[in-house]
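Derivation of every value follows stated rules applied to the coordinates shown; laboratory data play no part. Because the structure is a prediction, the values reported are computed rather than measured. With ideal geometry, Cβ positions are generated from the backbone for all residues, glycine too; neighbour counts draw on all protein chains shown.
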Amino acid sequence: MAVDNTTANHHEFKAEVKQLLNILVHSLYTNRDIFLRELISNASDALDKLRFESISGSEIWDSDLPLEINVSFDKDKHTINVADTGIGMTKDEIISNIGTIARSGSAEFLKKVADSNKDVSNIIGKFGVGFYSIFMVASEVILKTKSFKKDEPAMQWKSDGLGSYELEQLTEEVKRGTSIEIHLREDAFEFAERYRLESIIKQHSNFITFPIYLEKERINTLTAIWREPKTSVIKEQYNEFYKYLSYDSEEPLDIIHISVDAPIQFNSLLYIPKKNMDLFGFSRHEYGLDLYVRRVLIQHENKEVLPEYLGFVKGVVDSEDLPLNISRETLQENAIFNKISSSITGQVLSHLSKMSKDDPEKFKQFWKEHGKIFRLGYSDYSNREKFAELLRFNSSVSKDSDELIQLSDYVSRMKPEQKEIYYVSGASREAIEADPHLEIFKNKGIEVLYLYDPIDEFVMDSLFKYKDYNLKSVEHADPKELEKFGNKENLETVHEALSEEDEKKFEDLLKYIKEILGDRVTEVRVSERLSESPSCLANPANGMTSQMEKIMHMVNKDTSVPKKIFEVNKDHKLIRNLLKIYISEPKDEYIRQVVEQLYESALLLEGYLNDPHRLVNRIKDILEKSSEWHLAMKSIK
């Protein structure tokens, strides 16, 4: 193609421009594949602009040309060519667009880019910025362009991205659009391969509206169905895209298709998988939505659109208005993105709420698979009420460990004047129901939520309240406050009162028990919560729950046994017998054996018994003695 040398302009880059190019090429773009994404995105923009001009009634040069993008390569010459039939550029537009950073006097622009505290939104997404990522792979770039305006001449821009560039007028008539010829650097010859170019196009540009051809074969065959009206997308299309996106062989559990026009325009297509894809927790950080701008993939697994507790959701979000940073690789912190994130989060929670009401079985399946990660939402204070309504728990009124209730169910069954929602933690339903702290609640018919996962403790601590009711561990319940509820029918138990003298002896027995246990406990006192068990360990009213203590011990790698209050059931037969033995022989070794056994049994129930050998040997000794006593009693009879 001939060049009119009379109109050729040779420009030297200034020092600050070289510095700017170095920032663009080496600092702002961390993935060299980005250059092709940027060029195709720019080509798509050029085609969009031409279509707008056509709709507006403008006269279009080469109006019969199809709107398309063509990518070709020459492996032997180490070149790539990216061409479009878009709006093209005039000489002034080249200077204005590509010349944004190629013209002299760009010190102010450089300052804006280098200073991350400045607002550079006015330069984000401009053609010239993304275009210069090309020099990550190019030793020389030759751009040829012809504007859609009939009387504007074709132009050529050429540069090695180092010291200068040339802008020249082409004398021969050329077709409308822009063609970019890339001469690859030696360390970038790999890009002159079909498989390499195809993989980049499919990864980043698969949903561009206009056809993209690689060596005359169309590459982007998938439709951006999230941009289509919901009524025009059939189930098979939704499922096909889900499998393409997630590599899941099953259909999704549910689909959420969002289209918002105002105040911010965005589209989103979200899927809730049937199964938890991270059973062992190895891929916990592999979550996030694919982020698109005008159908161009900007970021895979963006973790800012949805919070981590909704990380099970797969899908895409696409916006016309989304501002990007200089390289399009990460988002700016700004109000627009925050509004998109807030809107999508709210709509996912609303969808789950609707599912829980309209299809309880489907929601139960969701909770079974994704409830563990969903409970991480305890830190989402802005959506606390929605989050709380979606929580599910097993309960003391549930028929088995599989039956789940929500907090509103618990509230509907609360006793008159009850102001707290009670909960208890444990490894299983069986383990929880053996917890001595539950005895007073069973006797009074007060429902208790059963928490099986350690994270539930954080959920309860963070929520603190549900509506007007405090969330309280059974360990922190004040037995005196529970007295007003009375006992269930047929559970009133009358115990023989101790004489005044025996009461004094019992106080002495408590002191002796404290002497035996020493500083392993903070206090020994009569329990007001026990009815069936002889003793238990209790936490101070404002202390951590046993489960939370264990969590903190694990976090801090602390193997010490926490000091607690040792409570004894004054009316239990074993304790009454101990009192009789104490009255008869205050230093009887059997008392020490029993106290040690009761204390270590309580430690065992709470998971703090580090060495069970003494407990087991003591049981054998007590069983041996009891068998002799039993035989002696038999012989007497």
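Taking amide H atoms as placed 1.01 Å from N in the peptide plane, list the residues 5 or more away in sequence, or in a different chain, whose amide H sits under 5 Å from that of Asp254.
Those qualifying (amide H under 5 Å, at least 5 residues apart or on another chain) are Ile272.
Among Val568, Tyr292, Gly518, whose Cα projects farthest towards the positive end of the dipole of the chain, with charges put on the beta-carbon of Lys, Arg (+1) and Asp, Glu (-1)?
Val568
Order of 339-346, 62-69, 88-95 by packing, highest average Cβ count within 10 Å first?
Details: 339-346: 17.8, 62-69: 14.1, 88-95: 20.2.
Per-residue Cβ counts within 10 Å, averaged per peptide and sorted highest first, yield 88-95, 339-346, 62-69.
Determine, from the Cβ-Cβ distance of Ser164 and Asp187 and an R0 of 30 Å, the FRET efficiency 1/(1 + (r/R0)^6), rounded to the nearest 0.05.
Details: r = 23 Å, r/R0 = 0.75.
Rounded to the nearest 0.05, the efficiency is 0.85.
Give Lys230/Lys372; Lys488/Lys573; Lys314/Lys339; Lys484/Lys580; Lys75/Lys216; Lys202/Lys362 a once-over and call out the pairs whose C-alpha atoms are over 27 Å from each other.
Working: Lys230/Lys372 31 Å; Lys488/Lys573 22 Å; Lys314/Lys339 20 Å; Lys484/Lys580 33 Å; Lys75/Lys216 16 Å; Lys202/Lys362 34 Å.
From Lys230/Lys372; Lys488/Lys573; Lys314/Lys339; Lys484/Lys580; Lys75/Lys216; Lys202/Lys362, over 27 Å: Lys230/Lys372; Lys484/Lys580; Lys202/Lys362.
What angle, in degrees between 0 and 90 and rounded to the nearest 10, separates the Cα long axis of helix 589-606 from the longest principal axis of the Cα atoms of the chain?
The two axes meet at around 20 degrees.
Within the stretch 531-591, list the GluC sites (Glu not before Pro) lying in a DSSP loop whose Cβ has at most 16 other Cβ atoms in a 10 Å radius. Mind dumping the intermediate values first?
Details: sites: Glu532, Glu549, Glu567, Glu589; in loops: Glu532.
Passing both the DSSP loop test and the Cβ count: Glu532.
What do you get for the angle between helix 613-636 and the principal long axis of the chain? Use alpha-carbon atoms, 0 to 90 degrees, nearest ten.
Approximately 30 degrees, to the nearest 10.
For labels at Asp409 and Ser462 in the simple 7 Å Cα→Cβ model, what's the distance in nm?
2.3
Among all the lysines, which ones have a C-alpha under 20 Å from Lys158's C-alpha, if same-chain residues fewer than 8 places away are not counted?
The reachable lysines, counting only those whose Cα sits under 20 Å from Lys158, are Lys14, Lys18, Lys77, Lys91, Lys126, Lys144, Lys146, Lys175.
Can you give the angle from 0 to 90° between the axis of helix 573-584 and the longest principal axis of the chain, with both taken from C-alpha atoms, to the nearest 10?
Long axis of 573-584 versus the principal axis of the chain: about 50 degrees.
With each label point set 7 Å from Cα along the Cα-Cβ vector, what nm distance links Lys419 and Ser398?
If labels sit at Lys419 and Ser398, their model points lie 2.9 nm apart.
Using Rg and Dmax of the Cα atoms in Å as the read-out, say which of (i) 36.9, 131; (ii) 23.3, 71; (iii) 24.5, 78 was calculated from these coordinates.
(i)
Report the FRET efficiency, 1/(1 + (r/R0)^6), for Val555 and Asp48, where r is their Cβ-Cβ distance and R0 is 60 Å, rounded to 0.05. Intermediate values should be presented prior to the final figure.
On the way: r = 53 Å, r/R0 = 0.89.
So the FRET efficiency works out to roughly 0.65.
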